[in-house]
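The structure appears right after this line, and notes come after that.
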Amino acid sequence: MQTQAISNIQKIQLPLVIKIVENEEEKMKAMLVRAIVYMHEQSCPYQEEFDLNDFSATQIIGLIDGEPVLTARIRYFDGFAKIERLAIRNEYRGRGYGRKLISYLLGICRQKGFTRFYLHAQERLQSLYESYGFKVVGAKFGFSDHGYIEMVLVDAGLGKMPIHHIGCSP
């Protein structure tokens, strides 16, 4: 009887909560996911993975019952948002969490009025980003012994950036 109860509990999938990092503990969890994925799995040196941009970026964390599962960061520029450092722990891949994360990131940027999105994608993930409408731009390049491509998504027909409304009559 107890074995059946444990089996039923294991079948219940706890919900993934994706959110903007709100405190130092959540930021530490986000950095931990990046260290696991990039430094451990992909042998990326610390100096290449962590930079001063972490202090100005919007950090995102994905949690399941408080356990860090995925992360990303967004930086905002004049005319575009740059999506960076997407990482999902190996044991949580293949569950559609990557798609949920990308949708969440684009949603945050769109709420802020951005219609142009830029990222560096590992070549093996090109088709995933293309399914969102991203297009390859520029030349391929290498980083930490992995092939990357530059990709851009432009939302057609959406309104102007908020900066373009400053000083305008409503």
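Rule-based calculations on the coordinates, nothing more; no lab input. Being a predicted model, the structure only gives us computed values, none of them experimental. Don't worry about glycine lacking a Cβ; one is built from the backbone with ideal geometry, like all the others, and counts go over all protein chains shown.
Expected output is a single nm value to one decimal: the length gained when fully extending between Phe50 and Glu25, i.e. 0.36 nm times separation in residues minus the C-alpha distance. What is it? Provide the component values of the computation, followed by the final result.
Details: separation 25, 0.36 × 25 = 9.00 nm, distance 1.70 nm.
Length gained between Phe50 and Glu25: 7.3 nm.
From the Cα gyration tensor of region 62-159, with a ≥ b ≥ c the square roots of its eigenvalues, which class applies: rounded if a/c is under 1.5, or else prolate if a/b is larger than b/c, or else oblate?
Values: a/c = 1.84, a/b = 1.18, b/c = 1.57.
In terms of gyration-tensor shape, oblate.
If the only charges are +1 at each Lys and Arg Cβ and -1 at each Asp and Glu Cβ, what is the size of the charge dipole of region 9-114 around the Cα centre, to the nearest 20 debye?
Details: 16 positive and 14 negative charges, 118 e Å.
Roughly 560 debye for region 9-114.
Please list 78-87, 109-118 highest first by mean number of surrounding beta-carbon atoms within 10 Å per residue. Mind showing how you got there, number by number?
On the way: 78-87: 19.2, 109-118: 17.1.
Order by mean packing, descending: 78-87, 109-118.
Relative contact order for region 1-154: what is it in percent, counting Cα pairs under 8 Å that are at least 6 residues apart? List each step's numbers first, then the result.
Values: 214 pairs, mean separation 28.0, N = 154.
Relative contact order of region 1-154: 18 percent.
Arranged from highest to lowest average of other beta-carbon atoms within 10 Å per residue, in what order do the peptides 42-55, 62-75 appear? Spell out each step's value before the answer.
Details: 42-55: 12.1, 62-75: 19.6.
Descending packing order for the listed peptides: 62-75, 42-55.
Under a plain spin-label model, where a point goes 7 Å from the Cα along Cα-to-Cβ, how far apart in nm are Val154 and Lys135?
My value for the distance between the label points is 0.7 nm.
Pull up the cross-link candidates among the aspartates and glutamates for Lys27, meaning alpha carbon to alpha carbon under 17 Å and not fewer than 8 places away within one chain.
Here the aspartates and glutamates satisfying the reach criterion relative to Lys27 are Glu49, Asp51, Asp54, Asp65, Glu67, Glu84.
Once you order the gyration tensor axes a ≥ b ≥ c over the Cα atoms, which shape class does region 89-138 get: rounded for a/c under 1.5, otherwise prolate or oblate by comparing a/b with b/c? Walk me through the intermediate numbers first.
Working: a/c = 2.43, a/b = 1.23, b/c = 1.97.
Oblate, since a/c reaches 1.5 and b/c is not below a/b.
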